[in-house]
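The next block holds one structure in the form of structure tokens; read it before the comments.
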């Protein structure tokens with residue numbers, strides 16, 4: 001899958017070079033096109049400056065829209081025939097019109113998407129489970145991706161809303177940041193993170209972005225633990241209500257040179273308590289045949305595709321890209337996340353704070 005995605009990206013940039021080259025008549029058009037591509041590649045990486053974060057996001061969205069419009073127009077038969085019969089001057093005008101139109105489309109797309117991402121929704125889900133004796137209210141959030149350009153007011157609102165919901169337990173699904181530990185501490189995210197509390201605990205896992213940042217010297221597993229979250233790295237904790245296991249993310253395990261522990265190792269000894277597993281990426285059981293399957297697994301990572309048309313493509317990649325369903329016959333819930341990676345934009349999806357209400361199954365009520 002990675003090789004396939006890499007090939008698509010490379011083909012996309014080759015196509016982009018061809019399209020950009022067609023915009024100019026100058027003898028330096030190859031150099032100009034390569035410089036534009038170099039700038040696009042530069043802004044693809046997270047920035048420590050808020051303005052650059054938004055510039056980066058805009059350029060990434062434009063890049064997608066421009067490629068999409070170019071492909072659609074190039075594949076349109078009547079347009080192809082028209083260009084074929086027309087002069088070089090007409091062809092140049094066509095290429096420039098597509099380029100200009102892509103920018104005009106990007107502006108409202110980006111503005112709406114940024115607004116939509118900032119205003120997350122409450123996603124309430126009721127799930128009857130075995131071994132639940134009374135209703136358990138859980139707030140589950142994932143994929144914060146704190147970075148320059150992330151509005152601190154949004155994080156403060158998340159904390160306020162969690163407190164207002166008054167859950168029994170708070171769970172975090174990974175990918176806390178795209179910036180360093182130093183950046184978060186300098187901007188007081190550590191003290192804000194410490195305000196997330198629940199009577200029966202705040203638990204979470206690391207994601208693939210924690211793995212990327214670990215290689216750059218930021219240990220977020222340690223940071224989260226120091227800021228009052230029970231960070232579960234292939235470990236299990238039980239309380240009066242249920243048992244919670246957290247799995248090491250695949251990339252994180254690879255970055256520290258360890259294998260992920262099997263589910264049988266994580267399974268709680270107390271079979272009278274419901275068992276919840278947090279696994280950042282919804283890859284299912286991956287061939288494991290545990291003696292006991294979790295009652296419910298929770299994931300993030302997919303962002304539900306984040307924006308159109310990626311949200312359509314993501315459904316082909318992930319068997320369960322969003323919502324409640326089954327993976328390898330195990331009950332699974334995948335959240336779209338409370339924020340985004342890369343462009344802070346959502347079109348066709350929503351950022352969400354998930355409220356899980358775990359209910360006793362009817363047979364439990366009769367006991």
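General remarks:
- Neighbour-count ranking [beta-carbon atoms within 10 angstrom, fewest first] of 27, 289, 254: 27, 289, 254
- Region 109-143 and region 180-225: distance between their alpha carbon centers, rounded to Å: 20 Å
- For region 123-365: rounded, prolate or oblate by the Cα gyration tensor [a/c cutoff 1.5]: rounded
- Label point distance in nm, residue 271-residue 239, each placed 7 Å from Cα along Cα→Cβ: 2.6 nm
- Here the gap between residue 183 and residue 11, fully extended at 0.36 nm per residue and compared with their Cα-Cα distance, gives a gain of 58.4 nm.
- Counted over the chain, the DSSP beta bridges are approximately 30% antiparallel.
- Potential lengthening between residue 130 and residue 115 on full extension [0.36 nm per residue; Cα-Cα distance subtracted]: 1.4 nm
- Residues 275, 24, arranged from fewest to most other Cβ atoms within 10 angstrom of their Cβ, appear as 24, 275.
- Within a Gaussian network of the chain (alpha carbon springs, distance under 10 Å), most fluctuating of 14, 338, 139: 14
- 222 nm mean residue ellipticity, helices alone, for the chain (DSSP H n ≥ 4; -39,500 (n - 2.57); rounded to 500): -13500 deg cm²/dmol
- Extension gain, residue 331 back to residue 67 (0.36 nm per residue minus Cα-Cα distance, nm): 91.2 nm
- Whole-number D in µm² s⁻¹ for region 283-344, Kirkwood Cα-pair radius fed into Stokes-Einstein, 37 °C, 0.692 mPa s: 263 µm²/s
- For region 116-264, the convex hull spanned by the alpha carbon atoms encloses 120 Å³ per residue.
- Sorted fewest first by neighbouring Cβ atoms within 10 angstrom, 231, 236, 349, 25 come out as 25, 236, 231, 349.
- Taking all Cα pairs closer than 8 Å and separated by 6 or more residues, the relative contact order of region 188-327 comes to 19 percent.
- Taking all Cα pairs closer than 8 Å and separated by 6 or more residues, the relative contact order of region 123-365 comes to 28 percent.
- R0 of 30 Å, Cβ-Cβ distance residue 27-residue 75: FRET efficiency to nearest 0.05: 0.50
- Inter-label distance for residue 44 and residue 256, nm, one decimal - labels placed 7 Å from Cα along Cα-to-Cβ: 2.9 nm
Bear in mind that the values in this text are calculations on the coordinates, not laboratory data. All figures in this text were calculated on a predicted structure; none of them were measured in a lab. Please note: Cβ atoms are built from the backbone with ideal geometry, for glycine as well, and neighbour counts cover all protein chains shown.
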